[in-house]
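For reference, the structure discussed in these notes is given below.
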Amino acid sequence: MPRRPVAVFALAPWAFGGVFPADLLTWLRQLVDIDPATTFTSFDGPAAAAALAEAEILLTGWGCPHIDAGVLAAAPRLRAVVHAAGTVKARVDPVVFEQGIVVSSAAEANAVPVADYTMAMLVLGAKRAFSRARRYAAAVEGAPRDWLPGDGTGLHDCTVGVIGASRIGRHVLRRLRAYEVEVLLHDPYVSAVEAARLGAEPVGMDDLCRRADLVTVHAPALPETRHLLDARRLDLLPEGAVVINTARGSLIDTDALTRSCATGRISAVLDVTDPEPLPPGHPLFALPNVLITPHLAGAQGRETRRLGEFAVAEVSRFLGGRPLLGQVELEQLPYIA
């Protein structure tokens, strides 16, 4: 009887149950030998060494330790790393790719809730829902409630600027087709033909900032994208513009954004910040036209099951010799989130 492939879990116990519920474990155990009772957050110690010595597939996720040359030396049978979460950038050393080990990520599955969050914030941001709700709640007892007429609000007929045709950016672009909006796209790696196929007009960053009523950020954190939205570009935004960031905090100059929002000229929805988290008492927390959420746009709660489904399906595809849907190549590593 042929030897069944051996897989090992490497992710935080707090994430395990949501990502790999019982039915997914049943499916996985039909494909590989794996111990669901053991998951590693460190590759130190004799138990991890024994598991790595037999592992052909590492099933990783949030809390996975860094996989480097030392781990590979302890795992001579390793053929694949299947990551049941988003980016592998901080998890997998380039040497993994250089040694021919296949790497896959469930970033596509994680992109779906981020795009859903973005669309919700575009709708609510265009309504000025956050600042108007705070003003409504703060009304003095006995005074008329603040039923503002909402002139100039609403997503209909807006111009939406999308920065980055990343995996998430493309999900957002597809969703925007359901709305009557003008869509601008800034991505230096996307041709005019491809932008048109995505339903967007390709523009430079300054042009996007001048024209967009709402700006949503989906670019990776790179040296060249640090403070992509700096003070000068924030000043280009029209009065009443809304900036939404679900990518990385470093893409926006936090001090410049704080100053711009404090004037009331623009608003912001931030699921990521720089630094992250912001220090207690940071002025952005107190501004009525700023909503800050604790990096929750990605898969949460019931949504995390999608990551496990994607990962187990990737294991099935890998063992069956079929193309992987989430395969990551070495040359992509510097440019992913």
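The values are calculated or read from the model by the stated rules, or taken from the named source; none is laboratory data. From a predicted model like this one, the values you see are computed outputs, not experimental measurements. Counting neighbours? That spans all protein chains shown, and the Cβs are built from the backbone with ideal geometry, glycine included. In case anyone asks, the SASA skips ligands and DNA or RNA and just uses the protein heavy atoms, side chains included. Shrake-Rupley method; radii C 1.70, N 1.55, O 1.52, S 1.80 Å.
Is it the case that some residue within the stretch 117-137 is within 25 Å of the chain's Cα centre (by Cα), within 30 Å of SER267 (Cβ to Cβ), among the β-branched types (Val, Ile, Thr) and modelled with pLDDT of 95 or more? Yes, that holds for at least one residue.
I'm trying to understand the selection: among the residues of the stretch 228-258, which are small (Gly, Ala, Ser), closer than 21 Å to HIS171 by Cβ and out of contact with any Asp or Glu (no Cβ under 6 Å at 6 or more places or on another chain)? Walk me through it before giving the result.
Taking the stretch 228-258 as the starting set, the residues that turn out to be small (Gly, Ala, Ser) are 231, 240-241, 247, 249-250, 256.
Remaining after also requiring closer than 21 Å to HIS171 by Cβ: 247, 249.
Listed by number, the list holds a single entry, ALA247.
Selection of first residues in the stretch 272-285 that are farther than 15 Å from THR246 by Cβ and of second residues that are of a type in the set (Val, Ile, Thr) and part of a loop (DSSP other than H, G, I, E, B), restricted to Cβ pairs under 8 Å at least 6 apart or on distinct chains, gives the following pairs, ordered by first then second residue: LEU284/THR273.
Those residues that are surrounded by fewer than 20 Cβ atoms within 10 Å (Cβ to Cβ) and not small (Gly, Ala, Ser), I need them from the stretch 235-247; list them, please. Walk me through how you get there before you give the answer.
So the first thing to find is which residues in the stretch 235-247 are surrounded by fewer than 20 Cβ atoms within 10 Å (Cβ to Cβ), and the list is 235-236, 238-240.
Matches in the stretch 235-247: ASP235, LEU236, PRO238, GLU239.
When the criteria are applied in full, GLY63 fails the requirement of being of a type outside the set (Phe, Trp, Tyr), on the phi > 0 side of the Ramachandran plot, open to solvent by 10 Å² or more (accessible area, probe 1.4 Å) and over 21 Å from the mean Cα position of the chain (by Cα).
Restricting attention to the stretch 177-212 and to residues that are crowded, with 23+ Cβ neighbours inside 10 Å and out of contact with any Lys or Arg (no Cβ under 8 Å at 6 or more places or on another chain), the residue that is nearest to GLY154 (Cα to Cα) turns out to be ALA212.
Remark: pairs (first residue in the stretch 289-308, farther than 15 Å from THR87 by Cα and among the β-branched types (Val, Ile, Thr); second residue open to solvent by 10 Å² or more (accessible area, probe 1.4 Å) and in a helix (DSSP H, G or I); Cβ separation under 8 Å; 6+ apart in sequence or on different chains) = VAL290/PHE130; ILE292/PHE285.
Going through (1) exposed (fewer than 13 other Cβ atoms within 10 Å of the Cβ); (2) under 28 Å from VAL160 (Cβ atoms) one by one, ALA50 falls short only on (2).
Check whether at least one residue in the stretch 11-30 is of a type in the set (Phe, Trp, Tyr) and more than 26 Å from the chain's Cα centre (by Cα), and report yes or no. Yes, the stretch 11-30 contains at least one residue that is of a type in the set (Phe, Trp, Tyr) and more than 26 Å from the chain's Cα centre (by Cα). Residues in the stretch 75-82 include at least one that is farther than 16 Å from VAL315 by Cα and either open to solvent by 10 Å² or more (accessible area, probe 1.4 Å) or assigned to a loop (DSSP other than H, G, I, E, B) (or both). Only a single item in (1) open to solvent by 50 Å² or more (accessible area, probe 1.4 Å); (2) part of a loop (DSSP other than H, G, I, E, B); (3) touching a Gly at 6+ places or on another chain (Cβ under 8 Å) is not met by GLY86, and it is number (1).
Quick grid of which residues meet (1) open to solvent by less than 40 Å² (accessible area, probe 1.4 Å); (2) closer than 19 Å to VAL88 by Cβ; (3) part of a loop (DSSP other than H, G, I, E, B):
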{"residue": "ASP255", "(1), (2), (3)": "no, no, no"}
{"residue": "PRO275", "(1), (2), (3)": "no, no, yes"}
{"residue": "LEU284", "(1), (2), (3)": "yes, no, no"}
{"residue": "LEU296", "(1), (2), (3)": "no, no, yes"}
{"residue": "ALA299", "(1), (2), (3)": "yes, yes, yes"}
{"residue": "LEU307", "(1), (2), (3)": "yes, yes, no"}
{"residue": "ALA313", "(1), (2), (3)": "yes, yes, no"}
{"residue": "LEU325", "(1), (2), (3)": "no, yes, yes"}
{"residue": "GLN332", "(1), (2), (3)": "no, yes, no"}
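Considering (1) assigned to a helix (DSSP H, G or I); (2) among the hydrophobic types (A, V, I, L, M, F, W, C); (3) open to solvent by 20 Å² or more (accessible area, probe 1.4 Å), the lone condition that LEU291 does not fulfil carries the number (1).
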